[in-house]
Amino acid sequence: MRVNYNQNDENANLQQDINNILKTALEFANKTDRISVNIVDISPEEICELNKKYRGVDRVTDVLSFPMIEDFNKIEEEPDYILGECNIGDIYINPQRAREQAEEYGHSFQREYCFLVLHGFLHLLGYDHIKKDDEEVMTGLQKRVMEHVNIRRG
């Protein structure tokens, strides 16, 4: 797996934690590692604009995911995968909102930022939380991954 980062300097020190989280998520979800993903830090104004344009929600959010493939379960059919590695999408993170949420929830910025990357990544893998059953699966996987890499609340 390859992770392409476009982060500000402050968040660059989280790259090892993020790599561990994403590798663990792939293992726990029993998914291929012949993938790449892009992680991009953007401002509250930029993420608000993307949220409005693509989701019809005119407000700042913490994370948005944009898949490059329609169905991760059919990744083996993707031409890039057949040739070697498939870019599955982009994860946009709003570090300012992550910082605010970390303070609200009483845990570290590191924990919040890493959680948001994981959350966005799971969406790229095809997980969702619209239906209660799906939410329980996704939430459970998030918790297991974060505990496994020893990034906990508090």
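So which residues in the stretch 73-113 are more than 18 Å from the chain's Cα centre (by Cα) and on the phi > 0 side of the Ramachandran plot, if there are any at all? Result: 84, 106.
Within the stretch 118-134, residues that are at negative phi reach partners that are assigned to a loop (DSSP other than H, G, I, E, B) and small (Gly, Ala, Ser) with beta carbons closer than 8 Å, at six or more positions or on different chains, in the pairs 122/29; 125/29; 127/29.
Scanning the stretch 141-149 finds one or more residues that are without any contact (Cβ under 8 Å) to a residue 60 or more places away in the chain and farther than 25 Å from residue 47 by Cα.
Each residue in the stretch 31-49 was checked for being hydrophobic (A, V, I, L, M, F, W, C) and either surrounded by fewer than 17 Cβ atoms within 10 Å (Cβ to Cβ) or under 18 Å from residue 88 (Cβ atoms) (or both), and 4 pass. Taking the stretch 19-49 as the range and being touching a residue at least 24 places away in the same chain (Cβ under 8 Å), within 28 Å of residue 77 (Cβ to Cβ) and assigned to a helix (DSSP H, G or I) as the test, the residues that pass are 21, 22, 24, 25, 26, 28.
For first residues located in the stretch 81-97 and modelled with pLDDT under 90, partners that are acidic (Asp, Glu) and lie 6+ apart or on another chain with Cβ distances below 9 Å form the pairs 82/76.
Yes/no per residue for (1) within 10 Å of the chain's Cα centre (by Cα); (2) of a type outside the set (Val, Ile, Thr):
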| site | (1), (2) |
| --- | --- |
| 115 | yes, yes |
| 119 | yes, yes |
| 134 | no, yes |
| 137 | no, no |
| 142 | no, yes |
| 150 | no, yes |
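Being within 15 Å of residue 126 (Cβ to Cβ) and without any contact (Cβ under 8 Å) to a residue 60 or more places away in the chain is a property that residue 72 has. Screening residue 69 with (1) buried (at least 18 other Cβ atoms within 10 Å of the Cβ); (2) in a helix (DSSP H, G or I) gives one miss only, at (2).
Every listed requirement among (1) in contact with a helix residue (DSSP H, G or I) (Cβ under 7 Å, 6 or more places away or on another chain); (2) assigned to a loop (DSSP other than H, G, I, E, B) is met by residue 122 save one, (2). What about residue 54, is it surrounded by fewer than 19 Cβ atoms within 10 Å (Cβ to Cβ), of a type outside the set (Asp, Glu), in a helix (DSSP H, G or I) and touching a Lys or Arg at 6+ places or on another chain (Cβ under 8 Å)? The answer is no for residue 54.
The values are calculated or read from the model by the stated rules, or taken from the named source; none is laboratory data. Nothing here was measured: the structure is a model prediction, and the numbers come from that model. All Cβ positions, glycine included, derive from the backbone under ideal geometry; neighbour counts span all protein chains shown.
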